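**Student:** Right, I'll just put the structure down here and ask away after.
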Amino acid sequence: VAPAEAGDRRTGEPRRGRPHGDVPVLGRGTQANKMNWMTTGFMVAFHVLAVVALFMFTWKAFFCFLGLWVVSINMGIGMGYHRLLTHRGYRTPKWLEYFLSICGTLALEGGPIFWVATHRVHHQLTDREGDPHTPHDGGWWSHAGWIISGDALHHETALMARYAPDLA
């Protein structure tokens, strides 16, 4: 049995190979030959401005950055997009779910439907063909290559809604 097909960790049952004809093919094989210039432009500009910010350092700006980082990454992505929306790991009042979703958008990683749908596809095809950001395609690909390459599916609401029907 191949390592990726070894089985379900919870039940010990062998994982059955699923045809993924209905799963969007987001892996490197279909996405790497295209460049998403809009996303790439924003990513480059964001990083250039981050380097420029180093030359305008103030402690006030640093603490502002630190606060926004905690809110966007820890609360927005970690608690909101990942644990609450993707895995439904806990329950919150609707207002708190919306607040955490807004915090997640501050991280500039896409809206909640896109993020959750892409992450659910990643879990469905973890480290197999079609996984949008598998490390088996290289460190650069799993870190940033998958974001700047291929089709931007943010506007594909019907496709994304299949993997996040609870959010659509």
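The values are calculated or read from the model by the stated rules, or taken from the named source; none is laboratory data. Keep in mind the model is a prediction, meaning the values are calculated, not measured. Neighbour counts run over all protein chains shown; Cβ positions are idealised from the backbone, glycine included. Accessible surface is based on the protein model in full, side chains and every heavy atom, while ligands, DNA and RNA are left aside. Shrake-Rupley method; radii C 1.70, N 1.55, O 1.52, S 1.80 Å.
**Student:** Determine whether Met79 is of a type in the set (A, V, I, L, M, F, W, C) and at pLDDT below 95. Quick ask: steps written out before the conclusion?
**Tutor:** Values: of a type in the set (A, V, I, L, M, F, W, C): yes; at pLDDT below 95: no.
Spelling it out, it is not the case that Met79 is of a type in the set (A, V, I, L, M, F, W, C) and at pLDDT below 95.
**Student:** Tell me which of these Val71 doesn't satisfy, since it passes every other one: (1) part of a helix (DSSP H, G or I); (2) within 15 Å of Pro112 (Cα to Cα).
**Tutor:** (2)
**Student:** Show the residue pairs meeting these rules: Cβ distance below 8 Å; 6+ apart or different chains; first residue within region 126-137 and under 8 Å from Arg28 (Cα atoms); second residue in a loop (DSSP other than H, G, I, E, B) and open to solvent by 50 Å² or more (accessible area, probe 1.4 Å).
**Tutor:** Listed pairs, sorted by first residue: Gly130/His20; Gly130/Val25.
Table: residues versus (1) among the basic types (Lys, Arg); (2) within 25 Å of Phe46 (Cβ to Cβ); (3) out of contact with any Leu (no Cβ under 8 Å at 6 or more places or on another chain).
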{"position": "Tyr90", "(1), (2), (3)": "no, no, no"}
{"position": "Lys94", "(1), (2), (3)": "yes, no, yes"}
{"position": "Leu106", "(1), (2), (3)": "no, yes, no"}
{"position": "Val116", "(1), (2), (3)": "no, yes, no"}
{"position": "Arg120", "(1), (2), (3)": "yes, no, yes"}
{"position": "Arg128", "(1), (2), (3)": "yes, no, yes"}
{"position": "Asp137", "(1), (2), (3)": "no, yes, yes"}
{"position": "Trp140", "(1), (2), (3)": "no, yes, yes"}
{"position": "Ile147", "(1), (2), (3)": "no, yes, yes"}
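**Student:** Let me ask you something else. Within region 35-55, is even one residue under 23 Å from Trp146 (Cβ atoms), modelled with pLDDT of 95 or more and under 15 Å from the mean Cα position of the chain (by Cα)?
**Tutor:** There is no residue in region 35-55 that is under 23 Å from Trp146 (Cβ atoms), modelled with pLDDT of 95 or more and under 15 Å from the mean Cα position of the chain (by Cα).
**Student:** List the pairs whose first member sits in region 69-85 and is open to solvent by less than 60 Å² (accessible area, probe 1.4 Å), whose second member is not in a helix (DSSP H, G or I), and whose Cβ atoms are under 6 Å apart, counting only residues at least 6 apart or on separate chains?
**Tutor:** Once the first residue is open to solvent by less than 60 Å² (accessible area, probe 1.4 Å) and sits in region 69-85, its partners that are not in a helix (DSSP H, G or I) give Ser72/Leu106; Ser72/Ala107; Ile73/Ala107; Gly76/Leu106; Gly76/Ala107; Ile77/Ala107.
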